[in-house]
Amino acid sequence: MREKLISYVNLLFAGTEGVEDIQQEILQNTLDRFDDLVSRGSTPAVSRRVSMATEFSRTLSLLRKERGVSQRVAAADLGVSQALLSHYENGIREPGLAFVSKVCDYYHVSADYMLGRTLARDGSMLTAEEILNAAEPGNVLQGSVLATLRGKLITSASGVLFGLLGKLGDKDAINAAADSLGCHIYLLYRLLHRAAGGSTAYFALPEEDCAAGAASAGASLARTDYARALAKLSREKAAFPDMSHETLNSAFPGRSQGMIQVLSTADGQLNRLNQSGLK
């Protein structure tokens with residue numbers, strides 16, 4: 001298994017020059033993580049199986065809701081009982097290969113997508129070249145691959161969001177969305193700036209006001225304006241853009257996958273927090 005991990009990391013950086021230090025750091029971190037899992041009796045194979053089972057359950061439920069059908073209808077179409085489908089969607093039972101195949105045909109997605117191994121519904125994967133080209137030209141892999149990829153995902157998601165708002169054409173909604181997002185970025189950057197020893201004089205907003213939640217309040221107020229603008233458009237029967245998966249893929253090729261990943265990650269985190277709060 002260690003040999004495979006080494007091969008994967010080397011493949012990721014194949015043909016790339018000037019990143020040997022980063023490659024070695026990522027390789028060492030990967031092997032350290034592997035050794036830690038083995039020492040605790042939790043091998044990557046077991047962890048991966050649990051992760052894929054969880055992803056299958058979550059995706060199965062999301063796809064049904066996206067199609068707008070009930071569990072009863074979906075279960076009948078898939079040839080299983082509603083109770084069994086409920087167990088699959090809630091991760092109580094693991095399905096067999098035959099059911100996974102039926103689900104893929106039913107929702108027109110790949111098995112890799114159902115298991116969370118790719119963001120693309122057709123099963124396509126990001127290549128090493130695409131990963132390494134994620135950064136802006138001339139700024140490749142500054143910091144780490146993780147920071148580059150997460151930044152690319154956020155950039156892609158923001159592009160899709162404002163692309164959709166642009167189609168809607170409402171200035172108030174666009175400005176409110178930008179203001180809310182800007183406040184969040186401002187707060188995160190300011191925290192980093194302070195931790196790095198930067199001077200508080202760099203910002204006009206007093207430190208005590210920022211610490212008291214002024215930036216968060218600004219983001220919340222802007223989000224309220226955003227919701228009001230959308231509600232007004234809804235009352236006026238405005239022509240909202242088609243937000244089906246197929247249309248988003250066509251209108252925002254590549255970037256729509258970033259949006260899906262951001263939504264999936266956030267939704268999973270928030271759901272876990274919500275569930276833990278209910279216990």
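The values are calculated or read from the model by the stated rules, or taken from the named source; none is laboratory data. As the structure is a computational prediction, the values presented were derived from the model and not from experiment. In this analysis, Cβ positions are derived from the backbone assuming ideal geometry, glycine residues included, and neighbour counts consider all displayed protein chains.
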Can you list residue pairs whose Cβ atoms sit under 9 Å apart, with the first residue in the stretch 84-95 being on the phi > 0 side of the Ramachandran plot and surrounded by fewer than 21 Cβ atoms within 10 Å (Cβ to Cβ) and the second being of a type in the set (Val, Ile, Thr) and part of a helix (DSSP H, G or I)? Count only pairs 6 or more apart in sequence or on different chains.
GLY91/THR54
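This table checks each residue for (1) part of a helix (DSSP H, G or I); (2) surrounded by 13 or more Cβ atoms within 10 Å (Cβ to Cβ); (3) within 18 Å of the chain's Cα centre (by Cα).
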position	(1), (2), (3)
ALA217	yes, no, no
TYR226	yes, yes, no
SER234	yes, no, no
ALA238	no, yes, no
MET243	no, no, yes
LEU248	yes, yes, yes
SER276	yes, no, no
Does the stretch 250-262 hold any residues that are surrounded by 13 or more Cβ atoms within 10 Å (Cβ to Cβ) and in a helix (DSSP H, G or I), and which are they?
ALA251, ARG255, SER256, GLN257, GLY258, MET259, ILE260, GLN261, VAL262
Can you name the condition, by its number, that ALA219 falls short on among (1) modelled with pLDDT of 90 or more; (2) out of contact with any His (no Cβ under 8 Å at 6 or more places or on another chain)?
(2)
I need the full set of residues from the stretch 184-203 which are at pLDDT 90 or above and of a type in the set (A, V, I, L, M), in order please.
ILE185, LEU187, LEU188, LEU191, LEU192, ALA195, ALA196
Selection from the stretch 88-114 of residues of a type in the set (A, V, I, L, M), assigned to a helix (DSSP H, G or I) and either over 15 Å from GLN71 (Cα atoms) or touching a Gly at 6+ places or on another chain (Cβ under 7 Å) (or both) yields LEU97, ALA98, VAL100, ALA111, MET114
Just wondering, is there one or more residues in the stretch 47-68 that are within 20 Å of LEU263 (Cα to Cα), at pLDDT below 60, outside the structural domain of SER244 (by TED's automatic domain parsing) and within 26 Å of the chain's Cα centre (by Cα)?
yes
